[in-house]
Amino acid sequence: MNKPQSMTMPLTLQKLALVALAALALAASRSHAQDAAFHRGQTLHAEKCAACHAEKSGLGNGDVLYTRSDRRVTDTKRLEGMVARCNSELRLDLFPEDESDLVKYLLGRFYSFK
């Protein structure tokens with residue numbers, strides 16, 4: 001016995017609503033994870049990078065190294081490489097996840113690559 005279409009339509013709408021809610025929940029959890037990575041990167045930057053960059057800039061504020069017109073970092077790949085190089089050469093003892101979080105922070109705070 002076939003159900004009339006009007007009986008199956010609410011079930012289809014319910015399924016659609018559940019899929020939409022699941023997608024929103026997934027997006028929210030990704031956003032939360034990205035926010036957490038950003039904040040971990042911010043903390044790492046303050047603990048491991050800021051003082052050296054402030055000294056290197058000669059101005060007491062290392063942010064100018066990220067925002068100057070002749071900056072060395074021009075894309076995400078170079079930023080990842082620069083973070084890895086600082087970690088290795090300065091023996092910062094960052095794990096790969098730490099480097100990734102630091103890159104996420106720097107991208108969110110200082111860079112806007114296309």
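Observations on the structure shown:
- Count of segment 62-79 residues, restricted to those that are assigned to a helix (DSSP H, G or I) and touching a helix residue (DSSP H, G or I) at 6+ places or on another chain (Cβ under 6 Å), is 3.
- If you filter segment 80-114 down to residues that are assigned to a helix (DSSP H, G or I) and acidic (Asp, Glu), you find that the one that is surrounded by the fewest Cβ atoms within 10 Å (Cβ to Cβ) is Glu89.
- When Leu90, Leu102, Leu59 are screened for being among the aliphatic types (A, V, I, L, M) and touching a helix residue (DSSP H, G or I) at 6+ places or on another chain (Cβ under 6 Å), only Leu102 passes.
- The condition (being over 14 Å from Gly41 (Cβ atoms), modelled with pLDDT of 95 or more and more than 14 Å from the chain's Cα centre (by Cα)) is satisfied by just one residue among Arg85, Arg68: Arg85.
- Extreme residue, farthest from Arg91 (Cα to Cα), among residues of segment 42-77 that are small (Gly, Ala, Ser) and exposed (fewer than 14 other Cβ atoms within 10 Å of the Cβ): Ser69
- Qualifying residue in segment 21-33 (condition: closer than 17 Å to Val103 by Cα, modelled with pLDDT of 80 or more and among the hydrophobic types (A, V, I, L, M, F, W, C)): no
- A search for C-beta distances below 8 Å between a residue of segment 38-59 that is within 19 Å of Tyr111 (Cβ to Cβ) and any residue that is of a type in the set (Val, Ile, Thr) and crowded, with 16+ Cβ neighbours inside 10 Å, counting only pairs 6+ apart in sequence or on different chains, returns Gly41/Val103.
- Close pairs (7 angstrom Cβ cut-off, 6 or more residues apart or separate chains): free of Cβ contacts under 8 Å to residues at least 60 places away in the same chain and on the phi < 0 side of the Ramachandran plot in segment 80-103, among the small types (Gly, Ala, Ser) and surrounded by fewer than 16 Cβ atoms within 10 Å (Cβ to Cβ) anywhere: Glu99/Ala84
The values are calculated or read from the model by the stated rules, or taken from the named source; none is laboratory data. If you're wondering where the values come from, they're calculated on a predicted model, not measured in any experiment. Neighbour counts are summed over all protein chains in view; Cβ atoms, including those assigned to glycine, are modelled from backbone coordinates with ideal geometry.
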